[in-house]
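Here is the structure we will look at.
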């Protein structure tokens with residue numbers, strides 16, 4: 001072989017060596033449990049206050065709007081979330097409170113206050129799959145927010161996928177049993193988890209009959225006070241054609257929120 005020919009082959013040999021998997025082994029794929037733990041361990045602040053605007057859009061394009069103030073405070077044992085509606089007038093004063101316990105063996109607590117009834121009502125765990133005030137989110141979706149339930153699903157990493165230009169793990173969740181599936185209203189969940197930020201970018205849900213039910217897309221995720229924070233979420237119900245758009249504003253990670261704000265009795269006292 002002539003020297004010139006060897007020079008021409010050299011770049012090809014170098015390129016082949018770089019492409020050789022043995023020369024540069026890929027990073028091991030984490031288990032479903034490992035991905036869920038990374039998601040749930042992600043910093044979301046001790047406490048949060050924000051304003052939420054919800055647009056409910058039916059299949060004909062008609063829109064209704066809801067506005068609420070939302071508060072969250074976490075400890076090692078429990079995450080507490082309080083939602084107080086301010087608009088429209090017919091919904092103003094309605095409030096929702098949930099306790100999401102770290103102990104998987106303990107049932108979470110949820111309360112609802114309707115001004116017309118002037119009474120705080122406890123919500124049964126079996127109601128957690130119901131629609132949250134006409135949106136395409138369930139009570140459970142609102143309670144969990146960015147977290148994933150180890151106690152409700154068996155999680156498996158199916159591969160990787162790119163969403164909005166971000167590399168994600170493709171994470172499948174199957175309810176642990178039929179009773180849990182009925183409570184949640186989901187027979188299967190497929191989430192795309194950002195591999196760097198450990199937050200869901202996109203999730204698809206199937207109903208108990210394996211029909212594609214809805215898609216949730218977190219289209220805007222920004223860093224606020226060093227914490228990756230969802231600013232806009234779009235949800236589409238494939239069965240009804242209904243859509244929900246949530247936009248969050250006035251976001252502040254405020255650890256001065258009083259504990260009294262997260263007591264069932266506080267729901268009757270109006271907007272903090």
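The values are calculated or read from the model by the stated rules, or taken from the named source; none is laboratory data. Since we're looking at a predicted model, the values are computed, not measured. Note that we place each Cβ from the backbone using ideal geometry, even for glycine, and neighbour counts take in every protein chain shown.
Looking at 208, 202 in this structure, which one is assigned to a loop (DSSP other than H, G, I, E, B), in contact (Cβ under 8 Å) with a residue 12 or more places away in the chain and under 21 Å from residue 240 (Cα atoms)?
208
So, residue 197, is that one more than 23 Å from residue 136 (Cβ to Cβ) and in contact (Cβ under 8 Å) with a residue 12 or more places away in the chain or not?
yes
Residue-wise test of (1) in contact (Cβ under 8 Å) with a residue 60 or more places away in the chain; (2) touching a helix residue (DSSP H, G or I) at 6+ places or on another chain (Cβ under 8 Å); (3) not in a loop (DSSP other than H, G, I, E, B).
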{"site": "110", "(1), (2), (3)": "no, yes, yes"}
{"site": "155", "(1), (2), (3)": "yes, yes, yes"}
{"site": "168", "(1), (2), (3)": "no, no, yes"}
{"site": "171", "(1), (2), (3)": "yes, yes, yes"}
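Check 159, 134 and return the single one that is surrounded by fewer than 17 Cβ atoms within 10 Å (Cβ to Cβ), within 30 Å of residue 94 (Cα to Cα) and touching a strand residue (DSSP E or B) at 6+ places or on another chain (Cβ under 6 Å).
When all the criteria are applied, what remains is 134.
Just to be sure before I move on: is residue 177 more than 23 Å from residue 151 (Cα to Cα) and free of Cβ contacts under 8 Å to residues at least 12 places away in the same chain in the structure I sent?
no
Residue 149 passes all but one of (1) surrounded by fewer than 16 Cβ atoms within 10 Å (Cβ to Cβ); (2) modelled with pLDDT of 90 or more; which number fails?
Condition not satisfied by residue 149: (1).
Give the residue, chosen from 128, 66, 62, that is over 25 Å from residue 194 (Cα atoms) and at pLDDT below 95.
128
Only one residue in 233, 216 is in contact with a helix residue (DSSP H, G or I) (Cβ under 9 Å, 6 or more places away or on another chain), crowded, with 19+ Cβ neighbours inside 10 Å and assigned to a strand (DSSP E or B). Which one?
216
What's the number of the only condition in (1) within 17 Å of residue 144 (Cβ to Cβ); (2) in contact with a strand residue (DSSP E or B) (Cβ under 6 Å, 6 or more places away or on another chain) that residue 198 fails to meet?
(2)
Looking at segment 249-261 only, could you name the residues that are crowded, with 18+ Cβ neighbours inside 10 Å and either within 21 Å of the chain's Cα centre (by Cα) or without any contact (Cβ under 8 Å) to a residue 12 or more places away in the chain (or both)?
251, 253
Considering each residue of segment 180-194, count those that are part of a loop (DSSP other than H, G, I, E, B), touching a strand residue (DSSP E or B) at 6+ places or on another chain (Cβ under 6 Å) and in contact (Cβ under 8 Å) with a residue 24 or more places away in the chain, and give that number.
1
So which of 225, 167 is modelled with pLDDT under 95 and farther than 24 Å from residue 239 by Cα?
After applying the criteria, what remains is 225.
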